[in-house]
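The next block holds one structure in the form of structure tokens; read it before the comments.
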Amino acid sequence: MGNNRFKWYVVWVGDRPGIYDSWEECKLQIDRYPGARYKSYKTREEAVEAFRGDPSQQMGLLRSIADGLGSRPVVNYEAFPEINVCSLAVDAACSGNPGVMEYRGVWVATGEEVFRKGPFPHATNNIGEFLALVHGLALLQKLNLPDMPIYSDSRTAQAWVRDRHCKTTLQRNSRNAALLDIVARAEAWLANNTYRNRIIKWNTEEWGEIPADFGRK
């Protein structure tokens, strides 16, 4: 009886992904949330391990998600256990340089799009990658996920975030003034906030396209 009266709940996809020590709190995150993903565990250690994305335990979940995605390319996580599936991936796409740009973030475990911004009419891909990373960091802070890593395939954007400065050479004009204002706000966020989320380079050559890829190549 004692073993069943207390459980830990992992929410991978919901209003606020995380680990909860009561069904009531868990239910608040998943109730009426489309495609919610969650599971109960007997111990906190099991819940933490599952939330961090132990691939050997979560492959059944990933396969079921992949089956529902139809023709969408899905990374073979079983072949690459070094990928932490309990993570956020970000990417940008730009048609021209400068050109029309947008960026987005997705949960790696499910492929669910978490945010998408744009299109911006006169931008660069590097700016988009930078903004996607800052947006992702701010989101994880808001969701109280300080240990969840973020994958990015842009070394340039990662360096800009480390330096807390978007080192673009794009000149301000009437078409990109609003975008560059957003860049300034992103730099201000980096200057006034701390984070411990790891930013990890996505190994495109070995793993394939990053889950947040727009598929326009």
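The values are calculated or read from the model by the stated rules, or taken from the named source; none is laboratory data. It should be emphasised that the depicted structure is a prediction, and the values quoted were computed from it without experimental measurement. In this analysis, Cβ positions are derived from the backbone assuming ideal geometry, glycine residues included, and neighbour counts consider all displayed protein chains. When the accessible area is computed, the model is the full protein with side chains, heavy atoms only, and any ligands, DNA or RNA have been set aside. Shrake-Rupley method; radii C 1.70, N 1.55, O 1.52, S 1.80 Å.
When Ile127, Ile150 are screened for being buried (at least 23 other Cβ atoms within 10 Å of the Cβ), more than 30 Å from Val11 (Cα to Cα) and either touching a residue at least 40 places away in the same chain (Cβ under 8 Å) or among the aromatic types (Phe, Trp, Tyr) (or both), only Ile127 passes. Considering only residues in the stretch 33-51 that are of a type in the set (Lys, Arg) and surrounded by fewer than 17 Cβ atoms within 10 Å (Cβ to Cβ), the one that is modelled with the highest pLDDT turns out to be Lys42. Among residues of the stretch 200-217 being assigned to a loop (DSSP other than H, G, I, E, B) and in contact with a Phe, Trp or Tyr (Cβ under 7 Å, 6 or more places away or on another chain), the one that is surrounded by the most Cβ atoms within 10 Å (Cβ to Cβ) is Trp202. May I ask you to list the residues in the stretch 157-183 that are within 19 Å of Glu102 (Cβ to Cβ), open to solvent by 50 Å² or more (accessible area, probe 1.4 Å) and among the small types (Gly, Ala, Ser)? Once the filter is applied, which keeps residues that are within 19 Å of Glu102 (Cβ to Cβ), open to solvent by 50 Å² or more (accessible area, probe 1.4 Å) and among the small types (Gly, Ala, Ser), the stretch 157-183 yields only Ala178. When you go through (1) touching a Ser or Thr at 6+ places or on another chain (Cβ under 7 Å); (2) within 30 Å of Ala36 (Cα to Cα) one by one for Tyr195, which number turns out not to apply? Result: Tyr195 fails condition (1) only. Residues in the stretch 132-171 that are touching an Asp or Glu at 6+ places or on another chain (Cβ under 9 Å) and within 10 Å of Leu190 (Cβ to Cβ): Val134, Trp160, Arg164, His165, Cys166.
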